[in-house]
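Below is one structure, written out as structure tokens; the observations come after it.
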Amino acid sequence: MLIRPPSGKKVLWQEMPRHELLAALDARPVVIVPVGSVEQHGPHCPPDVDISIPYHLAIRAAAAVEAFPVIVAPPISLGFTHYNMGEVGTITLRLETFIAVLCDVARSIWANGFRRIILLNGHGGNEAPTWVASVKLTEEDIWALALTYWTMATDELRAWSEADGGSIGHGGEWETSLQLYLRPELVDMTRAVQDEWRQKFSPAVQRYTRFPERRREMAHGVMGDPFAASAAKGERLFAVLLERLVALCHEYHAEAPPRYREFGSHCP
Ligand SMILES: [Zn+2]
């Protein structure tokens, strides 16, 4: 999957020759690394849903920002999704491998001189490991923001959900809506099903704890209601997410990353 902005603006790291990357370095650029997963998403959606959404967001944000360069790094398409193994189409990395890949990619970008890095995640199983990677990197004074896209619009998801109660789900109301907006040719709604979505603990208790996932128990691997999905809902959500990602890029451009302060370096 290779995505470019419809405008033709060059934003992909791997398509920028050295003089363009060097010129970008002089303008406090932001680098977005799309992070996702390849795993079954029910009978109606393709397995790359979770990388396609942050990838599209990154490309559109990079196209939208004119004041400084926003560069999209090669997407990290494989993630941590052991609990979807057993559902055909799933490819997972081990936890340690996934965190190591994120750290090595961020280290490399940092070593190239880029100081503003966003790890933009689109897969639930990656959420905690992506945060761990960003924390681990700080031990080396390397700073990368960890961000899972739907957390940019939790209030809207809750307010706008007709079926899934504000959850991003899995091939349900919102992921299917985003796919119908972004890639309708890859969605086959004639095959859509709604599985029983069983969760342990009540919604009230789930707000503060839950088990980590080990094995999906849905009959067709769907969490949420794809029949509540529409391209219009996907477009509406995408617009909010894009606006907030662009706002983050502007603030990140203006900010400097934190610095480790060595004793003695500020002594008079
Ligand atoms: Zn998903």
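None of the figures in this text is laboratory data; all of them are computed from the coordinates on show. Note that the structure is a prediction, hence the values are computed from the model and not measured. Here Cβ is always computed from backbone atoms with ideal geometry, including for glycine, and neighbour counts include all displayed protein chains.
Could you tell me the calculated FRET efficiency between residue 21 and residue 100, based on Cβ-Cβ distance and R0 = 30 angstrom, to the nearest 0.05?
Using R0 = 30 Å, I get an efficiency of 0.75.
State log₁₀ I(q)/I(0) for region 112-268 at q = 0.11, 0.19 Å⁻¹ as given by the Debye formula over alpha-carbon point scatterers of equal weight, solvent excluded.
At q = 0.11, 0.19 Å⁻¹ the computed log10 ratios are -0.57, -1.27.
Find out how many positive minus negative residues lie around residue 13, taking Lys and Arg as positive, Asp and Glu as negative, among other residues whose Cβ is under 14 Å from that of residue 13. Could the numbers behind the result be given before it?
On the way: positive: 4, 9, 10, 18, 116; negative: 15, 20.
Local charge sum for residue 13: +3.
Is the shape of region 164-257 best called rounded, prolate or oblate, per the rule: a/c under 1.5 gives rounded, else a/b larger than b/c gives prolate, else oblate, with a ≥ b ≥ c the square roots of the Cα gyration tensor eigenvalues? Intermediate results must be reported in sequence, preceding the final value.
On the way: a/c = 2.58, a/b = 1.27, b/c = 2.02.
Oblate shape, in that a/c is at least 1.5 and b/c is the bigger or equal ratio.
Enumerate by residue number the chymotrypsin sites (Phe, Trp or Tyr not before Pro) in region 172-268 meeting two conditions: DSSP loop (anything except H, G, I, E, B), and at most 14 other Cβ atoms within 10 Å of the site's Cβ.
Details: sites: 174, 181, 197, 201, 208, 227, 238, 252, 260, 263; in loops: 197, 201, 208, 260, 263.
Here the chymotrypsin sites (Phe, Trp or Tyr not before Pro) that fit, given the DSSP loop and packing criteria, are 201, 208, 260, 263.
Only bridges with both residues in the chain count here: give the DSSP antiparallel percent, nearest 5. Working shown, then result.
Details: 2 of 18 bridges.
Around 10 percent antiparallel, to the nearest 5.
From the P(r) of region 64-111, can you give the percent of Cα pairs sitting at distances over 12 Å? Don't jump to the answer; show the numbers that get you there.
Values: 791 of 1128 pairs.
Tail of P(r) above 12 Å: 70 percent of Cα pairs.
Span-like helices, the chain: DSSP H, alpha-carbon axial extent 20 Å or more, mean Kyte-Doolittle 0.0 or greater, which ones? Present the calculation step by step, with values, prior to reporting the outcome.
Numbers: long enough: 49-64 (23 Å, 0.97); 95-111 (24 Å, 1.28); 231-254 (34 Å, 0.42).
Those that pass (Cα extent of 20 Å or more, hydropathy at least 0.0) are 49-64, 95-111, 231-254.
P(r) tail for region 101-189, what percent of Cα pairs lie past 19 Å? Display every interim value, and only then the final one.
Values: 1993 of 3916 pairs.
Roughly 51 percent, rounded to a whole number.
Distance from the Cα centre of region 124-170 to that of region 60-74, in angstrom?
Centre-to-centre distance over Cα atoms comes out at 20 Å.
Taking Cα atoms of region 32-96, Rg/Rh with Kirkwood Rh, to two decimals? Could the numbers behind the result be given before it?
Values: Rg = 13.9 Å, Rh = 12.8 Å.
So for region 32-96, dividing Rg by the Kirkwood Rh gives 1.09.
For the chain, treating each Cα as an identical point scatterer without solvent, what Debye log10 I(q)/I(0) comes out at q = 0.13, 0.14 1/Å?
The Cα Debye sum returns log10 ratios of -0.86, -0.99.
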